[in-house]
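A.B. asks: Have a look at this one.
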Amino acid sequence: MRRFCLALLFTGGIWAAPPPCTPPPEVRDLFQSDEWKGLYKLPWAEQSTRRRKLLTEYEKRFPGQPEIATRTIDNARWSDPDAADAVRARYLKAAQDHPDDPFAQAAVGYALFRKDTPQAIEFLRKATAAPGFGWPHLTLAQVYDSDRFADKPKALAELDAYFQACPDSTDGTAQWLLSRFGQAELQRRVAAALRAKLAGESTDKRTLTAYETLWGLEFRTTAPAEHAKVRERVKQDVARLQGLNVKADADWLNLLINGLKQSGDTVGVAAMEKRILTEFPASQKAYFIVGRRWNDENPEPGDPKNQSAWRDWTLRLRAAIREWKARFTEVDYLCQNEFQNYATDPDAPKAETLRAMGAFLAYSERQAPPWANIHAAQMLKDRGWQLERAVELYRKAIPLLELEMKLQTADDTRTTDRVESANDSWNNQKRDFAAGLAKAARLAESPEKGVAWRELVEGDPPKKAHRLSTYWHARAQLAWLEGRKADALAYMQSAMHTRTEPDEWYRGQPNDEVALEAKALWKEMGGTETAWAIWSKPPAAKATEVAEGRWETPKKKMPAFEIAGLDGKTWRLKQFEGKSVLINVWATWCGPCKAELPVVEKLFRQTKDSAEIQVITFNIDEELGLVEPFMKEKGYTFPVLPAMGLVSDMLDGNVGIPQTWLLNPKGEWVQSQVGFDTSEPDWPAMMTKKLKALK
């Protein structure tokens, strides 16, 4: 296998040879070794330091490898900001010392991307002068797909150049960009090169897993009317894979299951799942099978107010998790699922809940820990248990939360709007955190420990309506902590009246925390029930504003799309003129989407013959071949339009699903909502009323 040395890639001004597009086996083995996997058993605080040391050793052993350089840079960028500047400086010095070394130029270009992107572009451009070197082209494609530097023609040109150099690459970033905005001709070219590569491979499992990527490409580049031919080809691929002399493990069998699903072989899927459960009973893949079956057999109760149904469901899930923890010993995160089950059940036994919390916190020390500390602190505060510990957990989370904010906001590719949006979101989370800490400290009688981000809490109210309730709630908790009860009550009233998402019931329990706290303070100050009913009731006009506040007004226009649906029809925006349109954005792998799709189907059936309303869906699965079998399994009949590229463009690559988009009869995108509103008892009726109102 070829190896390359930093600063020796040019010989007499001639590019000797680029690093291979796929890392050599010995480099790939590094990141599958027990040494590397052992990092994830260390506490979070130690992982980055140890990872940096290992990567330094790997760079010395295998210089000039993009895989090692990207991991080194990403580790510093996302986990160790104090070391990030030193890492960038080291790569910058190498590039300056060796101006004729394309690898050095590409490495510093990658390091400077998102920190000093204009300078990164200069280095990357220089690196692209070397023929056959794909890495700088791929980084430039990312640059030209980012907010401030967005230029789709340039991004596509760089992606095309990358695949010219690496025609059969399965790099995750490259494939993501290809699925989002790669032209059909380019995708077909990559698919053909990848199929040729896989036809010549018969032993390397890591290479053969690229069949999943290949199937996705072939489904996406084939008209839905011709998908049956693709399924037959996938069926042949699976038969070939089963005939190879490859030692099966759970991941290998899961690859076969994926192919069998896309080929439509439900009998084969069942047989392969049985093999996983029999041969690898403790594996994560076995847990996924059992967990999915349990969810299918035990759907969540539909009515958020049905206390007995939710209680029964919660206890059944708790028993199942207890069994899974003993059965699936390779799945270490089940302690998180167990804690969530106890934390959402106010009737859960105290000793069991605290045991589950302890196990969850111990597990979370190996993950990014601020949110685990916050969730545990919230549960203790809400239960009134170990209040001093709740305060300390909140306070322990503060520097970790600040670090996470720093890591996620230090990016020079973001537009002003994106910066403001990110800061707005973080400030809202900080206010919510501050409210929780203040309440825990008040209950623990530790007011000196209960103040966080005072200037933010007491500063000007946020401009966005859906942030106001959190703002007033935080002010109320801080005032109450400091003994200013009259102020606290006034702020509580504002928090109640500015809510845009009513927190009435959740999983069979009343969940109106603000109103419950306000009423407790009202009674503490001597208020009567009669006066409370008058004081707490919002104005009629405000109730209407609250109902609409869960929706946002999009900033972009809906493009005049023309998409071939899985039903074989071509769907065009202009054909909906005169109708109000609901577009549901979803994917087969999305849990909340699966919860929402039954009511989308119900709405579609109720309105499919309507002259006023049209319901369609945009699917964003990369593995498009999984969608039709999913639809048949669930009995869904609503139209499905493969629209990953369109959705990604509309949301600037930041896709959170499920989403519901509403278009008025003029074809204008007028409202959108992220997530599935589980508190709505009759979603189809509510949505029908809303759609008719758009006329």
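The values are calculated or read from the model by the stated rules, or taken from the named source; none is laboratory data. Please read these numbers as outputs of a predicted model, since none were measured by experiment. Because the Cβ atoms are built from the backbone with ideal geometry, glycine has one as well, and the counts that use them run over all protein chains shown.
A.B. asks: Filter the range 314-354 down to residues that are among the basic types (K, R) and closer than 24 Å to G508 by Cα, then give me how many there are.
C.D. replies: 4
A.B. asks: Also, I was wondering about something else. Only one of K602, K634, K666 is free of Cβ contacts under 8 Å to residues at least 60 places away in the same chain and more than 20 Å from the chain's Cα centre (by Cα); which?
C.D. replies: Working: K602 fails: free of Cβ contacts under 8 Å to residues at least 60 places away in the same chain; K666 fails: free of Cβ contacts under 8 Å to residues at least 60 places away in the same chain.
Of K602, K634, K666, the one residue that is free of Cβ contacts under 8 Å to residues at least 60 places away in the same chain and more than 20 Å from the chain's Cα centre (by Cα) is K634.
A.B. asks: Please verify whether Y58 is of a type outside the set (K, R), at pLDDT 90 or above and in a helix (DSSP H, G or I), treating the condition exactly as stated.
C.D. replies: yes
A.B. asks: What is the residue count in the range 293-312 for residues that are farther than 26 Å from M272 by Cα, in a helix (DSSP H, G or I) and not acidic (D, E)?
C.D. replies: 5
A.B. asks: Can you run down the residue pairs with Cβ atoms below 6 Å, 6 or more apart or on separate chains, where the first is in the range 273-292 and modelled with pLDDT of 95 or more and part of a loop (DSSP other than H, G, I, E, B) and the partner is surrounded by fewer than 15 Cβ atoms within 10 Å (Cβ to Cβ) and hydroxyl-bearing (S, T, Y)?
C.D. replies: Between residues of the range 273-292 that are modelled with pLDDT of 95 or more and part of a loop (DSSP other than H, G, I, E, B) and residues that are surrounded by fewer than 15 Cβ atoms within 10 Å (Cβ to Cβ) and hydroxyl-bearing (S, T, Y), the close pairs are A282/T329.
A.B. asks: Working only within the range 651-678, note down all residues that are touching a Pro at 6+ places or on another chain (Cβ under 8 Å) and not in a strand (DSSP E or B).
C.D. replies: Listed by number, the residues that qualify are I657, P658, G675, F676, T678.
A.B. asks: If the Cβ limit is 7 Å and pairs must be 6+ apart or interchain, which residue in the range 85-106 that is outside any helix (DSSP H, G or I) pairs with which residue that is aliphatic (A, V, I, L, M)?
C.D. replies: Listed pairs, sorted by first residue: H98/A7; H98/A104; D101/L6; D101/A7; D101/L9.
A.B. asks: Which residues, taken from the range 439-471, are more than 25 Å from S421 (Cα to Cα) and of a type in the set (D, E)?
C.D. replies: Once the filter is applied, which keeps residues that are more than 25 Å from S421 (Cα to Cα) and of a type in the set (D, E), the range 439-471 yields E445, E448.
A.B. asks: Taking only the range 159-176 into account, find how many residues are within 15 Å of C21 (Cβ to Cβ), assigned to a helix (DSSP H, G or I) and not polar (S, T, N, Q).
C.D. replies: Total satisfying the criteria: 8.
A.B. asks: Next up: Find the residue count for the range 143-165, including only residues that are touching a Phe, Trp or Tyr at 6+ places or on another chain (Cβ under 7 Å) and either surrounded by fewer than 19 Cβ atoms within 10 Å (Cβ to Cβ) or within 20 Å of R114 (Cα to Cα) (or both).
C.D. replies: Total meeting the criteria: 8.
A.B. asks: Then there is this: Quick check on the range 313-369: of everything there that is part of a helix (DSSP H, G or I) and among the basic types (K, R), which residue is surrounded by the fewest Cβ atoms within 10 Å (Cβ to Cβ)?
C.D. replies: The residue in question is K350.
A.B. asks: Output the residues belonging to the range 169-195 that are buried (at least 20 other Cβ atoms within 10 Å of the Cβ) and without any contact (Cβ under 8 Å) to a residue 40 or more places away in the chain.
C.D. replies: Those that are buried (at least 20 other Cβ atoms within 10 Å of the Cβ) and without any contact (Cβ under 8 Å) to a residue 40 or more places away in the chain: A174, L177, L178, G182, V190, A191, L194.
A.B. asks: To continue, here is another question. Return a yes/no flag: does the range 381-390 have any residue that is surrounded by 15 or more Cβ atoms within 10 Å (Cβ to Cβ) and not in a helix (DSSP H, G or I). Break it down stepwise before answering.
C.D. replies: Looking only at the range 381-390, we keep the residues that are surrounded by 15 or more Cβ atoms within 10 Å (Cβ to Cβ), and these are 381-383, 386-390.
Narrowing further to those that are not in a helix (DSSP H, G or I): 386.
Yes, the range 381-390 contains at least one residue that is surrounded by 15 or more Cβ atoms within 10 Å (Cβ to Cβ) and not in a helix (DSSP H, G or I).
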